[in-house]
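Asker: Dumping the structure here so I can ask a few things about it.
The values are calculated or read from the model by the stated rules, or taken from the named source; none is laboratory data. For clarity, every value in this text was computed on a predicted model and none was experimentally measured. Heads up, the Cβs are rebuilt from the backbone with ideal geometry, glycines too, and the neighbour counts pull from every protein chain shown.
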Amino acid sequence: MTEQASVSLFPWQQDDWSRLGSNHLQKHHAMLLTGLDGIGKREFACLLAQSIICSRTANESLDQPCGECQDCRLFEAGTHPDVHVIASEREALEGRVALLGEYANRYQDAAARDKKANPSQVIPVDQIRQLIDRFYQASHISGRRLALILPADRMNVNASNALLKVLEEPPENAYFLLVTANPSALPATIRSRCILERLSEPAIEESLSWIQQQGTVFPENLLLERSGPLDLLAQLESGTLEQKNQNIRGVLGVLDGRTDAVELASQMSKQDSSEILNWFQQFCADLIRWYCVGQVPGWQGIEYVPSSMNIMRVYAVYDKISTYRRLAREQLNGQLALEEILISLRRAV
Ligand SMILES: [Zn+2]
């Protein structure tokens, strides 16, 4: 047994770790780590980052970072000079792994950020430029340097372009770890420079039993959706899962002709626009998987489901939501966008 590192893996990540942990990233300088929301990508990435930085992992073929060497001690204290975390303001403040937030603070004006009512969800080009400046200087102690970018799909166009240059000509012993649940939202040029690794998601029964182990009971009448257990737990605790249940019933009501699309759009537009669009896109993906390959969504057991759907139309709605999601970061008329989505979905029945 090796020493406990600063974060630990979740039970469903053991196989992924055997495949990707220890020296995997050192075989390729850039990895795009992806997978469903709420399965613990940050924790996994954090441990992977420490594994790269640990001076003993590579030399002694340890399964996990040693937790004892100078690099590990600095890493866990949030003070390692060769570790760079680039994140949106929102992520730095609210991301689940506090250690990553501490590293991200180095690249942010925390005082200005903390006064904002709505911290930015975008990674601006300045952060990437700063990263590049620091990255091309000699590494300070470990001989390696590591940049962790999350959520990578939040880089704006200029930030992506700047990152692309350093991905194309990385300094020696530099490693990049990009984390996102939406790899398709990244430019193809960035994706092609990284190896793409998708982390596993636990089966729904495993998720529920893990949630129960955390001391939270899952109400029986609640419909599930395709989300990782960490997200489900957080949503249960905050009441968002109940809200989403109302969304599911509402949208299926529109498909059935029982609920008025405009009225529902008006109710839905009161929710956070980026979250509701994200939810809608997952809902469309659920429909596509269900009607194309028979993969039953978590929210089955509902009173009404359409007997057939024109899947090409659902795909078109899915694509349209991608556009709205990009617009949502700047300006979007949420009510109109939601009306459009609902009416287009109704036409797919
Ligand atoms: Zn170590």
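Asker: Give just the number: which of (1) free of Cβ contacts under 8 Å to residues at least 40 places away in the same chain; (2) within 16 Å of the ligand (Cβ to nearest atom); (3) of a type outside the set (Asp, Glu); (4) under 27 Å from Glu201 (Cβ atoms) does Gln50 not satisfy?
Answerer: With (1) free of Cβ contacts under 8 Å to residues at least 40 places away in the same chain; (2) within 16 Å of the ligand (Cβ to nearest atom); (3) of a type outside the set (Asp, Glu); (4) under 27 Å from Glu201 (Cβ atoms) applied to Gln50, the lone miss is (1).
Asker: I'm checking my understanding of the structure. Among residues of the range 82-100 that are charged (D, E, K, R) and surrounded by 19 or more Cβ atoms within 10 Å (Cβ to Cβ), which one is farthest from the ligand (Cβ to nearest atom)?
Answerer: Taking the candidates together, the pick is Glu89.
Asker: Does Thr57 fit the bill of being of a type in the set (Val, Ile, Thr) and within 13 Å of the ligand (Cβ to nearest atom)?
Answerer: Working: of a type in the set (Val, Ile, Thr): yes; within 13 Å of the ligand (Cβ to nearest atom): yes.
So Thr57 fits the description; yes.
Asker: Would you pick out the residues in the range 234-247 that are surrounded by fewer than 20 Cβ atoms within 10 Å (Cβ to Cβ) and hydrophobic (A, V, I, L, M, F, W, C)?
Answerer: Ala234, Leu236, listed by residue number.
Asker: Which residues, taken from the range 64-81, are within 13 Å of the ligand (Cβ to nearest atom) and closer than 18 Å to Arg145 by Cβ? Don't jump to the end; show me each part of the working.
Answerer: First, the residues of the range 64-81 that are within 13 Å of the ligand (Cβ to nearest atom): 64-77, 80.
Once the filter is applied, which keeps residues that are within 13 Å of the ligand (Cβ to nearest atom) and closer than 18 Å to Arg145 by Cβ, the range 64-81 yields Pro65, Cys69, Gln70, Asp71, Cys72, Arg73, Leu74, Phe75, Glu76, Ala77, His80.
Asker: Now for a different question. Which is at pLDDT 95 or above, outside any helix (DSSP H, G or I) and either away from the ligand (no atom under 13 Å from the Cβ) or out of contact with any Asp or Glu (no Cβ under 9 Å at 6 or more places or on another chain) (or both), of Tyr107, Tyr103? Spell out the reasoning first.
Answerer: Details: Tyr103 fails: outside any helix (DSSP H, G or I).
Unique residue meeting the criteria: Tyr107.
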